[in-house]
Amino acid sequence: MLDALQYVKDRDPDQKEFHQAVLEVFESVQPVIDRNPELAKERILERITEPERVIQFRVPWMDDSGQVQVNRGFRIEMSSAIGPYKGGLRFHPSVNLSILKFLAFEQVFKNALTTLPMGGGKGGSDFDPKGKSDSEVMRFCQSFMAELYRHIGPNTDVPAGDIGVGGREIGYLFGMYKKLSNEFTGVLTGKSISWGGSLIRPEATGYGCVYFAAEMLTANNDTLDGKICLVSGSGNVAQYTVEKLLELGAKPITLSDSAGYILDEEGIDSEKLAFVMQLKNVRRGRISEYIEKYPGAVYTPLDPSLEYNPLWNHKADCAFPSATENEINFKDAMNLVNNGVKLVAEGANMPSTPEAIAYYLDNNILFGLGKAANAGGVAVSGLEMSQNSMRLNWTREEVDNRLKQIMKSIHTACVEAAEAYQQPGNYVVGANIAGFMKVVNAMRDQGLV
Ligand code: NDP
Ligand code: 2IT
């Protein structure tokens, strides 16, 4: 394992997020390698960490003032062992190869856990949609797709949304793909319901994460009813996490964006959530505006000089990090535990640092790892692909029931894999081993490709 990790680090020494994601999986699957030494001989770890294909391209576009802008576009086609490459596109200034490779790597195992036939990929751009007009976003998306279209397809690679890519962007990307390929196919997921989308896809990641949390609690004879919850982010995942928490009787009290967070000790109820949805999705405003509407709440701007994030330092029962990677460090994890938090379910991808994860496990926190807890989004993307292939639409109830079933089966797979390797209750080991085994078995069946 150490050899394989060193090999990965030596090949791309500056890709620290990718190394972090790889280390977590390698540590979890070490007992599998120990039991099956032929995997080391077959260099499975070296193969599984090497993307099948990496595409990088220039994305030139013109802004509203007539200035030419140049961004970078990427698509990492990580693994097609169990299906076409599948995973989101992220538009954010921080996007680089390391971040996209970590996301694509996690996606491979997450998609395997969903039980649906999807490989793993991820892509995006360092383009920042914030503050851009709709026409600028459209021109950018069209230029991005002018290159990406030749690499994707409904049976090859099916992108979707992620940070900075929601319904608006998927619409512009789909329109350009359709024009260039002269085909109306399910090449992207997260489409609008009137032209091939699936009901429940917008809700799926947040709902799924709460279903997963509920499963972890049920396994411990508890429920979400009455639980005080810390939620970070205020985008797609955070919004529908809050919606489902409210439905299950919990009390969410925080939301955030990259500039700061709000604390509403009376609880963010459905009326307040509707305001946040309008604010973020339609007006594209900032979470600080929440306190203008609800003066009982407190807004705290982000203070980069602090070694911890005060959002994670309030009395609560559960935490749902739903913004971005590494948003909970060791100090934050200590604060969570000291404030009584007993459950952490990751809506975001890799929001907890390795030190934070070790601290949760040492303190018996019920910890739902992102690749298990947030798999509901891509699972319903998989259901959108099925509906597109059948040229049929399922009802809300049908999709929601399938989502619930999938989250339940992911929970069971994690529990069983953790038990099989003598680490009961460890969802990190459980998720990584269950996802890994499925992908590795497929790779071995298909030979050296
Ligand atoms: P959105 O773009 O809808 O929302 C992202 C939210 O997180 C915004 O509130 C944003 O604030 C905040 N945020 C983004 N980057 C940072 C940062 N560097 N520091 C602090 N806050 C930040 O994205 P999603 O809700 O879709 O994604 C959130 C997380 O969930 C990501 O980790 C994503 O990979 C993961 N995820 C998403 C899935 C999906 O289906 N959409 C599926 C599974 C996981 P601001 O507005 O200021 O940028
Ligand atoms: O991280 C993720 O799982 C996503 N952004 C969703 C991917 C998808 O293909 O729906």
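The values are calculated or read from the model by the stated rules, or taken from the named source; none is laboratory data. Because the structure is a prediction, the values reported are computed rather than measured. Cβ: placed from backbone, ideal geometry, glycine included. Neighbour counts: every protein chain shown. These accessible areas exclude ligands, DNA and RNA; they are computed on the full protein's heavy atoms, side chains included. Shrake-Rupley method; radii C 1.70, N 1.55, O 1.52, S 1.80 Å.
Here is how the numbers come out for the structure above:
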{"quantity": "Gaussian network model of the chain, springs between alpha carbon atoms under 10 Å - residue of Tyr427, Tyr290, Tyr85 with greatest fluctuation", "calculated": "Tyr290"}
{"quantity": "Accessible area of Val428 in the full protein assembly, 1.4 Å probe (Å², nearest 10)", "calculated": "10 Å²"}
{"quantity": "P(r) weight above 14 Å for the stretch 171-217, C-alpha pairs, percent", "calculated": "58 percent"}
{"quantity": "The stretch 219-370, accessible surface, carbon-and-sulfur percent (1.4 angstrom probe)", "calculated": "50 percent"}
{"quantity": "Low-density loop cleavage sites - GluC sites (Glu not before Pro) in the stretch 245-332, where at most 12 other Cβ are within 10 Å (DSSP)", "calculated": "Glu266, Glu307"}
{"quantity": "Percentage relative contact order, the chain, counting C-alpha pairs under 8 Å, at least six apart", "calculated": "15 percent"}
{"quantity": "Simple label model, 7 Å out from Cα along Cβ direction - Glu46 to Glu419, nm", "calculated": "3.7 nm"}
{"quantity": "Exposure ranking of Trp312, Trp394 by accessible area [1.4 Å probe, largest first]", "calculated": "Trp394, Trp312"}
{"quantity": "Residue among Val68, Val165, Val25 with the largest mean-square fluctuation in a Gaussian network model of the chain, springs linking Cα atoms under 10 Å", "calculated": "Val68"}
{"quantity": "Residues of the chain: accessible area per residue with a 1.4 Å probe, Å²", "calculated": "41 Å²"}
{"quantity": "Farthest toward positive dipole pole in the chain [+1 Lys/Arg, -1 Asp/Glu at C-beta], among Ser143, Ile55, Tyr211", "calculated": "Ser143"}
{"quantity": "Rounded accessible area of Asp400 (nearest 10 Å², 1.4 Å probe)", "calculated": "30 Å²"}
{"quantity": "At least 27 Å along the helix axis (C-alpha) and Kyte average at least -1.0, DSSP helices within the chain", "calculated": "16-35, 396-420, 427-446"}
{"quantity": "Translational diffusion coefficient (Stokes-Einstein; Kirkwood radius from C-alpha pairs) of the chain at 10 °C, 1.306 mPa s, in µm²/s", "calculated": "72 µm²/s"}
{"quantity": "Residue with peak Gaussian network fluctuation, the chain [Cα springs, cutoff 10 Å], from His151, His92, His314", "calculated": "His151"}
{"quantity": "Cβ-derived FRET efficiency at R0 25 Å, Arg58 paired with Gln20, nearest 0.05", "calculated": "0.30"}
{"quantity": "Magnitude of the charge dipole, the stretch 149-232, Cβ model with Lys/Arg +1 and Asp/Glu -1, debye to 20", "calculated": "460 debye"}
{"quantity": "Listed peptides 48-59, 362-373, 106-117, 274-285 by packing density, highest first (mean Cβ within 10 Å)", "calculated": "106-117, 362-373, 48-59, 274-285"}
{"quantity": "Accessible surface of Ser305 - all protein chains present, 1.4 Å probe, nearest 10 Å²", "calculated": "100 Å²"}
{"quantity": "Where trypsin sites (Lys or Arg not before Pro) fall in DSSP loop in the stretch 376-429, at most 15 other Cβ within 10 Å", "calculated": "Arg391"}
{"quantity": "Residues Thr395 and Lys9, FRET efficiency given R0 of 51 Å [Cβ-Cβ distance, rounded to 0.05]", "calculated": "0.55"}
{"quantity": "Apportionment of accessible area to carbon and sulfur, the stretch 1-112, percent (1.4 Å)", "calculated": "48 percent"}
{"quantity": "5 Å binning of all Cα-Cα separations within the stretch 255-357, expressed as whole percents from 0 upward", "calculated": "2, 12, 21, 25, 20, 13, 6, 1"}
{"quantity": "Where only alpha carbons of the stretch 1-120 are counted, the Rg and the Dmax (Å)", "calculated": "16.7, 62"}
{"quantity": "Charge dipole (debye, nearest 20) of the chain; +1 at Cβ of Lys and Arg, -1 at Cβ of Asp and Glu", "calculated": "1220 debye"}
